[in-house]
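Everything below concerns the one structure shown next.
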Amino acid sequence: MSRRTPGADASPDLITDTETLSALCTRLRAEAFVTVDTEFMRERTYWPELCVVQLAGDNEVAVVDALAPGLDLAPLGALLADPAVVKVFHAARQDVEIFLLKFGAVPTPLYDTQVAATVAGFGDQVSYDQLARSLANAQIDKAHRFSDWAARPLSPAQINYAAADVTHLRRIYTGLTSKLAREGRDGWVAEEMGELANPATYRQDPETAWERLRPRTHNRRFLGILRAAASWREKEAQRVNIPRQRLVKDETLLEIAATAPETVNDLARARGISEGFAKGKSGASLLAAITAAKGLPDSALPEAPRERSGAAPSPALVQLLKVLLAAKSEEHHVAPRLLANTDELERLAAGETDVPALVGWRRDVFGEAALSLKAGKVALGVDGKKIRLISAG
């Protein structure tokens, strides 16, 4: 069943049955775009538990109780897959991950207003609250930000709070798209959405989980055990559905890789590993993974993280590129981090060419100038209160 009052400014629907959801999604598939948000719980689980889905078109707003008994979310999946309707999110990654798990596909086409706002000059990682104030003249009530969204029944205050996330998003989206079109930056945003639309962005390969720990060693045997332990943790956390850090902390994995425990007693000596864990099913499977890694031939061990070849980049050149980055960011009203980060500047200074700053619109805005500065074709000067490029010819 649902509560529904027609009109864009009416109280939001609360949808709890498949028939009403299907009718809503049919209507929304006639829209040019639909704003989407979710409320979920993940504090105690590996997999996010979808609790609420918020949807808004031009003339209606609905809150879908994803935990309602008997509710089939298939009509929602069809809407999210409809190529004729743009799906608008803010800070989309976690929402998209949930839908990828639920429906096996990334919503398409996809638009993230946080990414678009960064391109449009609203700063780095701009919040929904900030955009709502700037583009929708709205103040967001934060009272239910940390609600238990799995508890039922949902209160009227929770429903209204959830609906606000997609209600104001309509004006944010139209404001951003208008601004970006005027400034000719539609193509910039399209490039940025490419990573979000790629399912690989959201899929963690257990065999590469060890790389996130950034081990500071070139000992390949250590790395082999760490790879095995981190892969085991990822799979085991998925199996028992608890957060990976709650299962075994990062620092414990690093200690295990260093000590290579062989017995239950050895494993129980590691920080954060209880005797009960070591003696149980999880402990046994972890020890088996370690034993297998210890038996690998050298050729099967992971390579140590590569260091940059050649001499280290000049710190002065890196600093000069940072000044150029700040100047180009100011000139084009985009966040500096969107153009290049410190690692990319160091790679540029070292002469590497496989750098995101040298691809697409980033090359036009910053990359070409960085190469010219490095080559001595231009210099940095001061024009009043602003940095500008001066021909060195």
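The values are calculated or read from the model by the stated rules, or taken from the named source; none is laboratory data. Note that this is a predicted model, so its numbers are computed, not measured. Note that we place each Cβ from the backbone using ideal geometry, even for glycine, and neighbour counts take in every protein chain shown. Side chains included, ligands, DNA and RNA excluded: accessible areas come from the protein's heavy atoms. Shrake-Rupley method; radii C 1.70, N 1.55, O 1.52, S 1.80 Å.
Quick notes on this structure:
- Which of Leu67, Thr108, Val318, positive extreme of dipole for the chain (C-beta unit charges): Val318
- Estimated FRET transfer efficiency when R0 is 22 angstrom, pair Ala138-Thr174 (beta carbons, to 0.05): 0.95
- Options Gln204, Val248, Asn219, ranked by Cα towards positive dipole end of the chain, top entry (Cβ charges): Asn219
- Note on Lys374: lysines with a C-alpha under 19 Å away, same-chain residues under 8 apart excluded, are Lys322, Lys328.
- Within the accessible surface of the chain, defined with a 1.4 Å probe on protein heavy atoms only, the carbon and sulfur portion equals 51 percent.
- From helices alone, the chain scores -14000 deg cm²/dmol at 222 nm; the rule is -39500 (n - 2.57) for each run of n ≥ 4 DSSP H residues, then divide by the residue total.
- DSSP-defined beta bridges in segment 1-141 - what % are antiparallel, rounded to 5: 60
- Peptide packing: for 312-320, 165-173, the average count of neighbouring Cβ atoms within 10 Å per residue gives the ranking 165-173, 312-320, highest mean first.
- Sorting 129-135, 199-205, 96-102 by average packing, meaning the other beta carbons within 10 Å per residue, from highest down gives 96-102, 129-135, 199-205.
- Counting only whole DSSP H helices of the chain, the ones at least 24 Å long by C-alpha along their axis and with mean Kyte-Doolittle hydropathy no lower than -1.0 are 156-182, 220-240, 315-332.
- Loop GluC sites (Glu not before Pro), segment 183-285, which have at most 16 other Cβ atoms in a 10 Å radius of their Cβ (DSSP): Glu183, Glu262
- From most to least packed by mean Cβ count within 10 Å, the peptides 53-62, 286-295 give 53-62, 286-295.
- For Lys249, a cut-off of 17 angstrom between C-alpha atoms picks up these lysines, skipping any fewer than 8 places away in its own chain: Lys235.
- Answer label, with semi-axes √(5λ) of the Cα gyration tensor in Å calculated from the coordinates and candidates (1) 32, 28, 23; (2) 35, 22, 20; (3) 39, 37, 16: (3)
- Entry comment: accessible area of the chain is 50 Å² per residue, from protein heavy atoms only and a probe of 1.4 Å.
- Around Leu296: net Lys/Arg minus Asp/Glu count, Cβ-Cβ under 10 Å: +3
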